[in-house]
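**Student:** The structure's right below; bear with me while I get my questions together.
Any read-out appearing in this document is the output of simple, stated calculations on the displayed coordinates, not a laboratory observation. Please read all numbers here as calculations on a predicted model, not as lab measurements.
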Amino acid sequence: MGKRVLVLNGPNLNMLGIREPGIYGAQTLADIENLCRTTGTELGLTVDFRQTNHEGELVTWIQQARQTADAILINPAAYSHTSVAIHDALKAAGVLTYEVHLSNIHQREPFRHHSYVSAVATAVICGLGASGYSLALRALAEKL
């Protein structure tokens, strides 16, 4: 079995393909999941792909990652800018973490310019659309 990567997606990402395609693109979350699974297989990684609209569920999954994952790839979505709880959970988990965003958060509204997750992530990829997930998995595979 390869290294295990937990790919976590936050609120509203289940609406990809419908919600603001000019910002987030036309790909659906299922398309991104397929991309992650294909990339993971190519790299010898086991990908566990999840999405939730609930902050507490993300925190629980992050806490569980101590025993179940070698790395976390997270798109916390709007929780990037608001969640000290996710920041604290990632810090406590002690698992290699990369953060990814479909859009360039630094070119958007000022409230999106700060991410609590970035402070505890080893790397951040933003603004590359769905391909950012694939690039992040490649970088994680090298690091692992």
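**Student:** If you compute volume of the Cα convex hull per residue in Å³ for the structure shown, which of (1) 115; (2) 100; (3) 90 do you land on?
**Tutor:** Structure-derived value, by its label: (3).
**Student:** Remind me, relative contact order of the chain in percent, using alpha carbon pairs under 8 angstrom and six or more residues apart?
**Tutor:** Relative contact order, the chain: 27 percent.
**Student:** Now for a different question. Nearest 5 is fine: what % of DSSP beta bridges in the chain come out antiparallel, could you say?
**Tutor:** Rounded to the nearest five, the antiparallel share is 0 percent.
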